[in-house]
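The values are calculated or read from the model by the stated rules, or taken from the named source; none is laboratory data. Please read all numbers here as calculations on a predicted model, not as lab measurements. Ideal geometry is used to build each Cβ from the backbone, glycine not excepted, and the neighbour counts take in all protein chains shown.
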Amino acid sequence: MGWETDRVLVLGHRGYRALYPENTLLAFEEAVRAGADGVELDVRLTLDGEAVVIHDESLDRTSDMSGLVSELTLPEIRRADLGMGQRIPTLEEVLSRVEGLVNVEIKEERAVDRCVRVVRETDSSERVLYSSFSVNVLRRVRSLDSEARLGLLIDDEEMLAEIPSLAAELGLFSVNAPVEGVDLLGIEGFAAASEMLRGSGLRLILWALSDDRLHQLLPELAGTFDAVITDDPPRALKLLTSMGLR
């Protein structure tokens, strides 16, 4: 399964987050085992320059340790217990062990060079989509890899006006937007924005602040999106299948 497909893709948000510790090898492997086409993950850089998979700036929320990722070395970060016997993995470990598509969200510009290097070294370029809220992150990725798939993450309505120029500048593959955008634009407005994006060759990937809200709105948004990022892949797969999108 590749990124270019007619059926709606399902990506496990930080893996199978509904049941397993987020951004862990267990969560990623279980997401794929449950039928997801791939996973979405977050990357930051350690003090000693390693790309590790973690969402937050610090270890506080997801582990039994505290401290900023940027101020800790990989051996120090390895001591953090995430639950279910899981430790914080490196990007290299995930790409080497987990099958399927991988949406690599780069959380900070300082991590870009290492991320791109790891993707190349693991021969993963064809299955990776780089995404970020930071335009500068995407610019840096593009400067290092002219063929990379880039996804612009948006979380406010103001960014919509900038998409055409950014798409031209960066050669975007997708716009990764929150399903909660419906609350601002309405169903018709959201559908119109989607038609504009997809009509210009971009793919629309939906994510959500609330997985329940995502599944509530998907039936109303049928035909407007190309992929969903979900905490609960089996639930999304069942719903999309009932909608005839799988």
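Determine whether residue 102 is among the hydrophobic types (A, V, I, L, M, F, W, C), under 15 Å from the mean Cα position of the chain (by Cα) and not in a helix (DSSP H, G or I).
Judged against the criteria, residue 102 is a match.
Cβ-Cβ distance below 7 Å, separation of 6 or more or different chains: which pairs start in the range 166-191 with a residue that is closer than 19 Å to residue 3 by Cα and end on one that is among the aliphatic types (A, V, I, L, M) and in a helix (DSSP H, G or I)?
170/138; 172/166; 175/163; 175/197
Can you confirm whether residue 64 is out of contact with any Asp or Glu (no Cβ under 6 Å at 6 or more places or on another chain), surrounded by fewer than 15 Cβ atoms within 10 Å (Cβ to Cβ) and of a type in the set (Asp, Glu)? Walk me through it before giving the result.
Values: out of contact with any Asp or Glu (no Cβ under 6 Å at 6 or more places or on another chain): no; surrounded by fewer than 15 Cβ atoms within 10 Å (Cβ to Cβ): yes; of a type in the set (Asp, Glu): yes.
Considered against the rule, which asks whether it is out of contact with any Asp or Glu (no Cβ under 6 Å at 6 or more places or on another chain), surrounded by fewer than 15 Cβ atoms within 10 Å (Cβ to Cβ) and of a type in the set (Asp, Glu), residue 64 comes out as no.
Could you say whether any residue in the range 80-87 is modelled with pLDDT of 95 or more and in contact with a strand residue (DSSP E or B) (Cβ under 8 Å, 6 or more places away or on another chain)?
no
With the structure loaded, tell me whether residue 218 is under 22 Å from residue 105 (Cβ atoms) and either part of a helix (DSSP H, G or I) or at pLDDT 95 or above (or both) or whether it fails that test.
Spelling it out, residue 218 is indeed under 22 Å from residue 105 (Cβ atoms) and either part of a helix (DSSP H, G or I) or at pLDDT 95 or above (or both).
Going through 212, 183, 232 one at a time, which residue ends up being acidic (Asp, Glu) and either under 26 Å from residue 128 (Cβ atoms) or touching a Phe, Trp or Tyr at 6+ places or on another chain (Cβ under 7 Å) (or both)?
232
Conditions: (1) surrounded by 15 or more Cβ atoms within 10 Å (Cβ to Cβ); (2) closer than 25 Å to residue 34 by Cβ; (3) more than 21 Å from the chain's Cα centre (by Cα). Residue 233 meets all but one. Number of the miss?
(3)
Tell me whether the range 57-66 contains one or more residues that are out of contact with any helix residue (DSSP H, G or I) (no Cβ under 8 Å at 6 or more places or on another chain), free of Cβ contacts under 8 Å to residues at least 40 places away in the same chain and among the hydroxyl-bearing types (Ser, Thr, Tyr).
yes
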